[in-house]
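Asker: Let me give you the structure first, and then I'll get to my questions.
The values are calculated or read from the model by the stated rules, or taken from the named source; none is laboratory data. Since the structure is predicted, the reported quantities are computational estimates derived from the model, not experimental observations. Cβ coordinates were reconstructed from backbone atoms using ideal geometry, including for glycine residues, and neighbour counts include every protein chain displayed.
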Amino acid sequence: MAQDVRDVSRYLPELVSAIASGVVFYFVGLRQGRQQTQYQRRVEVANEFRRRLREFRESFANMTTPPEWRLPEDHFRVEEVDEVGKKLEALTGYFEDNAGWLDEGTQERLDKLTDEYAFRWADVRGRVDAEEDPEEVLRAAWEWLDQAADEVEKINEGLARAEGTRTPSWRRVFGG
């Protein structure tokens, strides 16, 4: 019996070590799996924000294009205002549902930008509903688009940060 105890005691540290390693690696793997899932969700959200913002901006730009830049058969249509309204609603709804995946600065920029787009769209919608000529507010919105482009670029940088695909400036300086 003493021999059996010595045999068991000889393998006991290895057995305990194997069990402890298994438990530790289980929790490490669980954490890594959660991080991977969160990363994938952040990437999905960032890509969806980009897509919705791009589609909205294209529709908004089409709506606000001045008459002299349009083809002769392509006149301003009320349907364009409706389409922009739907895309704006889709963008703002997605923002309300998924803003938590973005950093605070990107959230604020996106919120301010969508608010400004909404105000400009509402000006056009109000003129159309009142059966007034919307050309003045359309031209003002068209001219504002350059300013919006700078803000969209900053938002896209924030989305890249959310994905982890943007290299921080300190890493570019020190080679990382």
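Asker: Please enumerate the residues belonging to segment 96-108 that are in a helix (DSSP H, G or I) and buried (at least 18 other Cβ atoms within 10 Å of the Cβ).
Answerer: Across segment 96-108, the qualifying residues are Trp101, Thr106.
Asker: When you scan segment 28-45, do you find a residue that is surrounded by 12 or more Cβ atoms within 10 Å (Cβ to Cβ) and not in a helix (DSSP H, G or I), even just one?
Answerer: Among the residues of segment 28-45, not one is surrounded by 12 or more Cβ atoms within 10 Å (Cβ to Cβ) and not in a helix (DSSP H, G or I), which makes the answer no.
Asker: With out of contact with any strand residue (DSSP E or B) (no Cβ under 8 Å at 6 or more places or on another chain) and at pLDDT 95 or above as the only criterion, which of Trp121, Trp170 stands out?
Answerer: Trp121
Asker: Can you tell me which residue within segment 1-25, out of those that are of a type in the set (Val, Ile, Thr) and at pLDDT below 70, is nearest to the chain's Cα centre (by Cα)?
Answerer: Val8
Asker: Further question on the same structure: Any idea how many residues of segment 112-161 are of a type in the set (A, V, I, L, M, F, W, C) and in a loop (DSSP other than H, G, I, E, B)?
Answerer: So the count comes out to 1.
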